[in-house]
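The values are calculated or read from the model by the stated rules, or taken from the named source; none is laboratory data. Note that the structure is a prediction, hence the values are computed from the model and not measured. Using ideal geometry, Cβ is built from the backbone for each residue, glycine included, and neighbour counts are taken over all protein chains shown.
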Amino acid sequence: MSDAKLWQRIRSGTEGQIVLLGFPHDEGVKVNGGREGASKGPDHFRYWLKRFGTVHNPEAAEDLSSLAIADAGDISAKLPLEEAHAELASRVQSILKAGGIPFVVGGGNDQSYPNASALLTCKDAKEVGVVNVDAHLDVRPLKDGRAHSGSSFRQLLEDPRFHGENFIEFAAQGSQCGREHADYIRSKQGRILWLSDIEQQGHAVDSFQASLGNLAWDCSCLFVSFDLDSVAGCDAPGVSCPGILGLSAKDAVSIAYYSGSHPSVCLFDLSEYNPLIEDERTGRLAAALFYYFCLGVAARKETSL
Ligand code: MN
């Protein structure tokens, strides 16, 4: 069937080269003062995914028919936030140990520390590198002892297993970030690539390739964390905190493809899709990111043969 869709190739379960996992929680967004709705992200993401993406893409060299893609379902939405984080870390660990690449769809950006923590547990921690594609730095302190959507990367940088020099903030926007937070990241040897730096250097994907390439010198396990609010509000209005400026939809798709194609990328998460604010445009972009990530992984397989 020449017009088979990606969705038809996805099997339920946890065994695959790419394993989709949903994190339907927005309590972390609410704790951070954001708008609720991201808990509906995984459901709506799957709705749009069912309507997008041919297996045989005549425009691309890759063919998705040889990829094994699984859908492991969601972390229970009924769990309290902290238990949901623990369950998420455990599920991501199991997928990594079985050799799959987890693609985790949130939910709030608080999912990213449990995801990173799973990687630090499974792999040689000094070989773990992290890129946060985000308008914000997300290094706020915990609130009343609770993790939230703005604290993930402080938790990561405070984790004694993680080496701060293996961290890059990508496409952050100075107008939405505090100076003390930028100073904090630099004090931990992390790097910040501002949106304006990226725009001056030309195409965003070129800067992204350089960032991953830089980390890959020392790190064999890369985690790309993608907050949809890094994309300009005209292309991704359905996020907890939309911005006017940002990456384009084309930049985002290129970054997803390149992440999939990079042999060291072993974990990807997608945060902050909030269909209560806007459903279709942002949902179609989220589905496209998954599709192009899969195309990238297919390209990886071909080059390794
Ligand atoms: Mn974020």
In the range 234-251, what residues are under 21 Å from ARG51 (Cβ atoms) and touching a residue at least 40 places away in the same chain (Cβ under 8 Å)? ASP235, ALA236, PRO237, GLY238, VAL239
Apart from one, (1) assigned to a helix (DSSP H, G or I); (2) within 16 Å of the ligand (Cβ to nearest atom); (3) under 17 Å from the mean Cα position of the chain (by Cα) all hold for GLN209; the odd one out is (2)
Taking the condition within 16 Å of the ligand (Cβ to nearest atom) and either over 16 Å from the mean Cα position of the chain (by Cα) or in contact (Cβ under 8 Å) with a residue 60 or more places away in the chain (or both), does SER90 pass? no
Taking LEU222, is it in contact with a Leu (Cβ under 9 Å, 6 or more places away or on another chain), touching a residue at least 60 places away in the same chain (Cβ under 8 Å) and within 15 Å of the ligand (Cβ to nearest atom)? no
Name the residues in the range 107-141 that are in a strand (DSSP E or B) and more than 10 Å from the ligand (Cβ to nearest atom), would you? VAL128, GLY129, VAL130, VAL131
Boolean, GLU199 is of a type outside the set (Phe, Trp, Tyr), over 22 Å from SER117 (Cβ atoms) and in a helix (DSSP H, G or I): yes
If we keep only residues of the range 5-42 that are surrounded by fewer than 17 Cβ atoms within 10 Å (Cβ to Cβ) and free of Cβ contacts under 8 Å to residues at least 60 places away in the same chain, then the residue nearest to ASN109 (Cα to Cα) is GLY33
What number goes with the only condition from (1) closer than 26 Å to PHE45 by Cα; (2) buried (at least 23 other Cβ atoms within 10 Å of the Cβ) that VAL205 does not pass? (2)
Can you name the residue in the range 222-249 that is out of contact with any His (no Cβ under 9 Å at 6 or more places or on another chain) and part of a helix (DSSP H, G or I) and, of all such residues, is nearest to ASN115 (Cα to Cα)? LEU228
Being surrounded by fewer than 19 Cβ atoms within 10 Å (Cβ to Cβ), at pLDDT 95 or above, in contact with a Gly (Cβ under 7 Å, 6 or more places away or on another chain) and over 12 Å from ALA256 (Cα atoms): is that true of GLY213 here? no
With the requirement that a residue be more than 18 Å from LEU228 (Cα to Cα), polar (S, T, N, Q) and part of a helix (DSSP H, G or I), what does the range 4-51 give you? GLN8
Within the range 225-245, tally of residues that are modelled with pLDDT of 95 or more and in contact with an Asp or Glu (Cβ under 8 Å, 6 or more places away or on another chain): 11
Please go through (1) over 12 Å from the mean Cα position of the chain (by Cα); (2) surrounded by fewer than 24 Cβ atoms within 10 Å (Cβ to Cβ) for LEU247 and return the number of the only condition it doesn't satisfy. (2)
